[in-house]
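Contents: one structure, followed by commentary.
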Amino acid sequence: MLLKLDGFIEKIENAVIVACFSLLILLTGGGFIARKVFAYTSMDLLSLQPALLLWLALVGGSVAIKRGKHIRLELLLRALPEHAKAWAYRIGGVFGMIVMLILLLLCRDFVASSIALSGWSGYLTIIMPIFFVVAAFRFFLQILYPHP
């Protein structure tokens, strides 16, 4: 059941990545045309681009964790015997889950202050706690189902 939930989350992430990337291209191209042709610049649209880039980075990072493409200590894993690799992945999962949960607690104030200071665009930082929850869930799955 947890793996099915993880698969469903990945489908949502893939759609979000496509939507964010498409929107980023449209905003960048549209902003360029608006500046050069109409001499018009919108600060709201300009502030949206870094937020979309943040979404792309965090959602992409979450997909990388699912696929096992995140940062690993390959040299250490190569030196381990086969029967010890599963335990190494589990230990990495415990460490990753702890770090993600700590960052989740720390980002709460950041998101609240972003909303208070930036208004509607501050709500775009909501991806941070979402990412930390999903990443912690994926590291938990790595503890249950280590994948070499």
Right, residue 115: within 14 Å of the chain's Cα centre (by Cα) and open to solvent by 30 Å² or more (accessible area, probe 1.4 Å) or not?
no
Per the filter on segment 90-108, residues within 18 Å of residue 143 (Cα to Cα) and within 16 Å of the chain's Cα centre (by Cα) are 96, 97, 99, 100, 101, 102
Segment 128-148, residues that are under 19 Å from residue 57 (Cβ atoms) and touching a helix residue (DSSP H, G or I) at 6+ places or on another chain (Cβ under 7 Å)
128, 129, 131, 132, 133, 134, 135, 136, 138, 139
Looking at segment 92-129 only, could you name the residues that are without any contact (Cβ under 8 Å) to a residue 12 or more places away in the chain and closer than 20 Å to residue 12 by Cα?
123
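In the list 123, 145, 40, 89, which residue meets the criterion of being over 25 Å from residue 23 (Cβ atoms), surrounded by fewer than 16 Cβ atoms within 10 Å (Cβ to Cβ), modelled with pLDDT under 95 and of a type in the set (Ser, Thr, Tyr)?
Values: 123 fails: over 25 Å from residue 23 (Cβ atoms); 40 fails: over 25 Å from residue 23 (Cβ atoms); 89 fails: surrounded by fewer than 16 Cβ atoms within 10 Å (Cβ to Cβ).
Answer to the check: 145.
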Exception for residue 66 within (1) farther than 30 Å from residue 1 by Cβ; (2) at pLDDT 85 or above falls at (1)
Only one of 118, 22, 62 is hydroxyl-bearing (Ser, Thr, Tyr) and within 24 Å of residue 139 (Cβ to Cβ), namely 62
Does segment 67-77 include one or more residues that are farther than 27 Å from residue 15 by Cα, surrounded by 12 or more Cβ atoms within 10 Å (Cβ to Cβ) and within 22 Å of the chain's Cα centre (by Cα)?
no
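The values are calculated or read from the model by the stated rules, or taken from the named source; none is laboratory data. Note that the structure is predicted; figures quoted are calculated from it, not measured. So basically every Cβ, Gly included, is an ideal-geometry build from the backbone, and we count neighbours across all protein chains shown. To get the accessible areas, we keep the full protein, side chains included, count just its heavy atoms, and leave off ligands, DNA and RNA. Shrake-Rupley method; radii C 1.70, N 1.55, O 1.52, S 1.80 Å.
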